[in-house]
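Q: Once you've had a glance at the structure underneath, I'll fire off some questions.
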Amino acid sequence: MSIQKIEAQSPEAQSADLLADNIAKLRALFPELVTETLKGGKAEAVINVDVLKALVGDATATDAEEKYGLNWHGKRRARQLALTPSTGTLRPCPDESVDWDNTQNLMIEGDNLEVLKLLQKSYAGKVKLIYIDPPYNTGKDFVYPDNFQDNIKNYLELTGQVEGGAKISSNTEASGRFHTDWLNMMYPRLKLARNLLREDGLIFISLDDSEIAAARKMCDEVFGEENFVDCMIWKKRYGGGAKEKYLVTLHEYVLVYARSLDEIPEIEVPLSESSVERYYTLRDEFFEERGPYRTHPLEAMKSFEDRPNLCFPIPAPDGSLLTPKRQWRWSKERMQEALERGEVAFNKSKDGSWSASSKQYLKDSDGETRSAKAFSIIEGIYTQMGTAETVEMFGDARVFSFPKPTAFVQRLVEVATSQDPDALVIDFFAGSGTTGHAVFSQNCTDSGKRKFILIQLPEPLSTDNREQETAANYCDQLGRPRRISELTKERLRRAGAKVKADNPMFSGDTGFRVFKLDTSNIRAWQPSGNLAQDLVDHMSHLNEGRSNDDVLYELLLKLGLDLCVPMEQRNIAGKTVHSIGGGTLMACLDDSISAQDAEALALGMAAWRVEQQTAGDTTAVFRDSAFENDVAKSNLAAILAQHGVAQVRSL
């Protein structure tokens, strides 16, 4: 049996090929729809448009220009960007992490478009909540140009990690008054984000007036108009002193969509402290048992359907009979039970007439605090609070511009995950790291075990830019590179420490693993014109300067394993063997494997797999250059195959 080599163009060396997946789904549904054609001597799958029209009917298949929807220059290319696989990788950085060995949280530095591609195999269909606060369209240049053929190279140049200095195209008036560039930036990212959501997943997008209309139409296309949930309003400031020319703008928006609205359970959340203080103000003799209460009129409004059986008298406190003008909300049986339990409040007006209201206590019959429907308006949390808390955390330094308050994002996390406190949360415009802080805080509040993945571009900071000067200087104080992502990580470190300090009994996860986007560890064939030298240089398929951990985590990504999956290592036949995910992946990346080593190594790996009771298939990976000869390679592969390990690969 031979060992299959993983090369730069192998499926195992790339992120998920969404285009190929889509074609495979179509082929499974309609085999006659997909055919093949030769292109450059290679067979490629193509869609037979005539068959498509026959399947769906001519009336529903059109390429006409006059059709309803949102269109802009570059939309087709933006869609293609989302479908193009990434050949990059994420390199682990334990030294910059907190509690690396135990945490389930991730902080990833990189271009979020490429990172979202790399996460597809491992996290598709696993995310309950995505919250993003993308760059607001102010007409300034974007740092997400997506206009290079090699987006990894573009990213490295853009963030100053290699020389070359990629330029950013100006976002000029000609760009559809700035809308086009913003839409081209957002569209492929949202397409990829949708794939990560669970069937009952939700996405929350913070926006202002500049793009809310276009964003709504774009999301209708990406998520489906039928999956629109709400456009929440956030009252972000108190008002007064504003410099607006016309009306004073006090709010922003949070656009909410579901992956599948039919799968979303009824959303109820614990009452907020502000709601309790504002509405639950009354007390009676049941206060110790039921808490304070609020009242609600028992007379039905005119909009209620006429039901004569709901019109009956009840005794008032003075012994008189109180009859509704039209009808009650409750049946006679329910009303009698409420009267006996003291759950009806009476009020006497100046003219001597009585009215009746229901008492809605803070606690239910089991003594649990009531839940309530989440409101689509968020009040009492203001932008100033976000600035104040980060200034306090960073010692009076304003290192972030208008960060979202933790309480604001925490409220969204609570709304989306109240029934799933172990949910996975993603923010791919992490910025100041508020989402990570909010997850820490919400877990502390309800003892949840939510996990997060944050993604932030390591955008350079400059002391020459007045808006960035404080942040750049703070990076210098930390002894870290002048990049926004460095401040994101520092915020997470301080937020985790603060949550623990403020809540000594809380033992939840406040750590995070740091990964950084980079080119693949697997070297692509790059001929120089000197074939003999090229063959020598390419004997090792791994790039120089990459560690075994770099290679292991790329294998996790490309094979679809969680980046926080358990990892063990053991010495077998004098070689270091790694077992990942309980034996789902087993790797030996030692530099030499002789023919004599092969049998003992293979038998030891097979025995360890049995010991771990590995469920499902195992992929075994080795360095291709490590094998002494073909005999060593074929013997090892054959022995592993005899013991149930059929997927053997080399790098």
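Q: Just one of the numbered conditions (1) in contact with a strand residue (DSSP E or B) (Cβ under 8 Å, 6 or more places away or on another chain); (2) closer than 25 Å to D562 by Cβ is not true of Q442; which one?
A: Q442 satisfies every listed condition except (1).
Q: Shifting gears a bit: In this structure, is V248 more than 30 Å from T369 (Cβ to Cβ), assigned to a loop (DSSP other than H, G, I, E, B) and among the hydrophobic types (A, V, I, L, M, F, W, C)?
A: When the stated conditions are applied, V248 passes them.
Q: Have a look at G201, G224, G125 and point out the one that is buried (at least 23 other Cβ atoms within 10 Å of the Cβ), farther than 19 Å from L457 by Cβ and at pLDDT 70 or above. Reasoning before the result, please.
A: Working: G224 fails: buried (at least 23 other Cβ atoms within 10 Å of the Cβ); G125 fails: buried (at least 23 other Cβ atoms within 10 Å of the Cβ).
It is G201.
Q: Do you know which of the residues in segment 308-341 that are among the aliphatic types (A, V, I, L, M) and part of a strand (DSSP E or B) is nearest to E285 (Cα to Cα)?
A: Among those residues, the one meeting the criterion is I314.
Q: Also, I was wondering about something else. Checking E299 against (1) out of contact with any helix residue (DSSP H, G or I) (no Cβ under 7 Å at 6 or more places or on another chain); (2) in contact (Cβ under 8 Å) with a residue 60 or more places away in the chain, which single condition isn't satisfied?
A: (2)
Q: Give the residue, chosen from M539, M567, that is touching a strand residue (DSSP E or B) at 6+ places or on another chain (Cβ under 6 Å), of a type in the set (A, V, I, L, M) and either at pLDDT 95 or above or not assigned by TED's automatic domain parsing to the domain that holds G433 (or both).
A: M567
Q: Here's something else I'd like to know. Out of the residues in segment 581-622 meeting the condition of being surrounded by fewer than 23 Cβ atoms within 10 Å (Cβ to Cβ) and polar (S, T, N, Q), tell me which one is nearest to N548 (Cα to Cα).
A: S592
Q: Could you tell me whether segment 489-502 includes any residue that is modelled with pLDDT of 95 or more, farther than 21 Å from V391 by Cβ and touching a Cys at 6+ places or on another chain (Cβ under 7 Å)?
A: no
Q: Quick one: would you say L156 is modelled with pLDDT of 95 or more and either in contact with an Asp or Glu (Cβ under 7 Å, 6 or more places away or on another chain) or not β-branched (V, I, T) (or both)? Lay out the reasoning, then the answer.
A: Numbers: modelled with pLDDT of 95 or more: no; either in contact with an Asp or Glu (Cβ under 7 Å, 6 or more places away or on another chain) or not β-branched (V, I, T) (or both): yes.
No; evaluated as a whole, the condition is false for this residue.
Q: Within segment 309-320, can one find any residue that is touching a Lys or Arg at 6+ places or on another chain (Cβ under 7 Å), more than 24 Å from G367 (Cα to Cα) and acidic (D, E)?
A: No, the conditions are met nowhere in segment 309-320.
Q: Take the residues in segment 506-528 that are assigned to a loop (DSSP other than H, G, I, E, B), farther than 23 Å from I453 by Cα and among the hydrophobic types (A, V, I, L, M, F, W, C); name whichever of them is modelled with the highest pLDDT.
A: A524
Q: If you don't mind, another one. Is it fair to say F440 is assigned by TED's automatic domain parsing to the domain that holds S206, surrounded by 17 or more Cβ atoms within 10 Å (Cβ to Cβ) and not small (G, A, S)?
A: Taking the combined requirement at face value, the residue satisfies it.
Q: Going residue by residue through segment 453-464, is there one that turns out to be among the hydroxyl-bearing types (S, T, Y), under 26 Å from Y131 (Cα atoms) and not in a strand (DSSP E or B)?
A: no
Q: Quick check: anything in segment 183-197 surrounded by fewer than 18 Cβ atoms within 10 Å (Cβ to Cβ), of a type outside the set (G, A, S) and either modelled with pLDDT under 95 or out of contact with any His (no Cβ under 8 Å at 6 or more places or on another chain) (or both)?
A: Taking every residue of segment 183-197 in turn, none turns out to be surrounded by fewer than 18 Cβ atoms within 10 Å (Cβ to Cβ), of a type outside the set (G, A, S) and either modelled with pLDDT under 95 or out of contact with any His (no Cβ under 8 Å at 6 or more places or on another chain) (or both).
Q: Of the residues that sit in segment 462-478 and are without any contact (Cβ under 8 Å) to a residue 60 or more places away in the chain and closer than 25 Å to F440 by Cβ, which one is surrounded by the most Cβ atoms within 10 Å (Cβ to Cβ)?
A: Only one residue tops the list, namely C475.
Q: If the requirement is being assigned by TED's automatic domain parsing to the domain that holds G433, at pLDDT 85 or above and loosely packed, with under 11 Cβ neighbours inside 10 Å, which of these qualifies: N102, N112?
A: After applying the criteria, what remains is N102.
Q: Okay, moving on. So which residues in segment 256-267 are more than 15 Å from K373 (Cα to Cα) and either in contact with an Asp or Glu (Cβ under 8 Å, 6 or more places away or on another chain) or modelled with pLDDT under 95 (or both), if there are any at all?
A: Let us first name the residues in segment 256-267 that are more than 15 Å from K373 (Cα to Cα), namely 256-263.
Across segment 256-267, the qualifying residues are V256, A258, R259, S260, L261, D262, E263.
Q: Here is a follow-up. Counting only residues that are small (G, A, S), out of contact with any helix residue (DSSP H, G or I) (no Cβ under 8 Å at 6 or more places or on another chain) and part of a loop (DSSP other than H, G, I, E, B), which one in segment 345-367 is nearest to Y279 (Cα to Cα)?
A: Among those residues, the one meeting the criterion is S365.
The values are calculated or read from the model by the stated rules, or taken from the named source; none is laboratory data. Since we're looking at a predicted model, the values are computed, not measured. Cβ sites come from the backbone with ideal geometry, for glycine too, and all protein chains shown count toward neighbours.
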